[in-house]
1. Taking I21 as the residue in question, decide whether it is outside any helix (DSSP H, G or I) and either within 16 Å of the ligand (Cβ to nearest atom) or at pLDDT 90 or above (or both).
2. For segment 29-40, what are the residues that are more than 10 Å from the ligand (Cβ to nearest atom) and in contact with a Phe, Trp or Tyr (Cβ under 9 Å, 6 or more places away or on another chain)?
3. Would you please name the residue that is nearest to C22 (Cα to Cα), looking only at residues in segment 45-72 that are modelled with pLDDT of 90 or more and not in a helix (DSSP H, G or I)?
4. Looking only at segment 28-39, which residues are in a helix (DSSP H, G or I) and more than 13 Å from E17 (Cα to Cα)?
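The values are calculated or read from the model by the stated rules, or taken from the named source; none is laboratory data. Not measured: the values here are computed from a predicted model. No Cβ is skipped: glycine too gets one built from the backbone with ideal geometry, and neighbour counts run over all protein chains shown.
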Amino acid sequence: MEVEGLSSLVTHHYYEETCVICESLKPKGIHLYSSFICTDCENDLIHTDTNDPRYKYFLKQLRKITTPEIFS
Ligand SMILES: [Zn+2]
C-alpha cells in the first residue's frame with residue numbers, strides 16, 4: 001500500500017488549531033492574519049447568504065480577527 005506515503009506528502013500539517021468561528025479544534029483550515037479558520041467554516045462562510053442569520057454570527061466571530069501589526 002502506497003497510500004500512507006502519499007497522504008504524508010499531501011498533508012501540510014497535522015496538528016489541530018482552534019478555529020475562531022466554531023471555536024473547535026480542527027486539523028485543517030486556513031490562516032487569516034494570526035487566526036485560524038477551519039475548512040468547514042471557510043466553506044460555510046462562502047456559501048452563507050448575507051441574509052442568513054448565521055452570516056451575522058460569522059461576522060461577529062470574524063470581528064475577533066484584527067490586524068494588530070497594522071496601526072494607521
Ligand atoms: Zn470552524
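1. When the stated conditions are applied, I21 passes them.
2. I30
3. That would be T48.
4. So in segment 28-39, the residues in a helix (DSSP H, G or I) come out as 39.
Residues satisfying the conditions do not exist here.
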